[in-house]
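Before any comments, here is the structure.
The values are calculated or read from the model by the stated rules, or taken from the named source; none is laboratory data. Note that this is a predicted model, so its numbers are computed, not measured. Heads up, the Cβs are rebuilt from the backbone with ideal geometry, glycines too, and the neighbour counts pull from every protein chain shown. The protein model used for the area step is the full one, side chains on, heavy atoms only, and it has no ligands, DNA or RNA in it. Shrake-Rupley method; radii C 1.70, N 1.55, O 1.52, S 1.80 Å.
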Amino acid sequence: MIAVIDYDAGNLKSVEKALISLGEEVVVSRDSGEILQADKVILPGVGSFGDAMNNLDHFGLVDTIKNVAKQGKPFLGICLGLQLLFKESDETPGAEGLDILPGKILKIPPQEGLKIPHMGWNSLNIKDGAKLFKGIAPNPYVYFVHSYYLKASDESIVAASTEYSTHIHASVESGNIFACQFHPEKSSDVGLKILKNFAEL
């Protein structure tokens, strides 16, 4: 059973639909007990860092997520769900993130000819041995929608990166914690393979 955390931060339906298409049993929930009983947990999300943290706090989910991380259960953050795993974001100065992984969320620097938010398909440079990308050909294209990006403090956790105005850490893996800045649920067959790899961890 995979629990998809519902904290009023968008794109839950597309994540749920993608998982169901892979034959996975899915529950969309904000009930801590239900989330903690699941075999794997996904934190999706679109929207702003500060609002999302307020929502997680409001629904009593901050400690739940930290407990999932401590239990060693496979956990996947998607888009804003990746950003929330870190301590702070340029988007909402003063708002404290989950601080599960070390790094900062920075604004994508402006560059002539590039639009922000970054919306569209970009290729990934994948690190050898990255579990989420098992069986995926080099330099796959995935779908991004974001104005802020991760700069991880520890390069060893970076599973995939991309270039858009700057060097972007696009996916991380650290023990049982996995995250993608891009949207696997909107990234066609490559994205479904990533979700399948997560489901099979």
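Things worth noting here:
- Computed from point charges on the beta carbon alone (+1 for Lys and Arg, -1 for Asp and Glu), the dipole magnitude for the chain about its Cα centre is near 400 Debye.
- A simple spin-label model places the labels of Q111 and S123 1.5 nm from each other, with each point 7 Å out along Cα-to-Cβ.
- Compactness check for the range 1-55: Cα Rg over 2.2 N^0.38 Å is 1.12.
- Calculated from the structure at hand, semi-axes √(5λ) of the Cα gyration tensor in Å is found among [x] 37, 23, 16; [y] 23, 20, 15; [z] 28, 19, 15 as [y].
- Computed across the range 70-130, the Kirkwood radius stands at 14.1 Å (inverse of mean 1/r, all Cα pairs).
- Dipole of the chain, positive direction: furthest Cα of V41, Y148, H118, with charges on the beta-carbon: H118
- Using R0 = 25 Å, the C-beta based FRET efficiency linking E25 and Q71 works out to 0.85.
- Pairs with C-alpha atoms separated by more than 27 Å, drawn from the list K66/K104; K107/K196; K73/K127; K73/K104; K115/K193; K66/K196, are K107/K196; K115/K193.
- Each Lys or Arg adds one and each Asp or Glu takes one away; over the other residues whose Cβ falls under 14 Å from the Cβ of S188, this sums to +2.
- Cα→Cβ-extended label distance, 7 Å offset, between D57 and L201, nm: 2.7
- Heavy-atom accessible surface of the chain: percent carbon and sulfur, 1.4 Å: 48
- The residues of the range 73-181 present an accessible area of 45 Å² per residue when probed at 1.4 Å with all protein chains retained.
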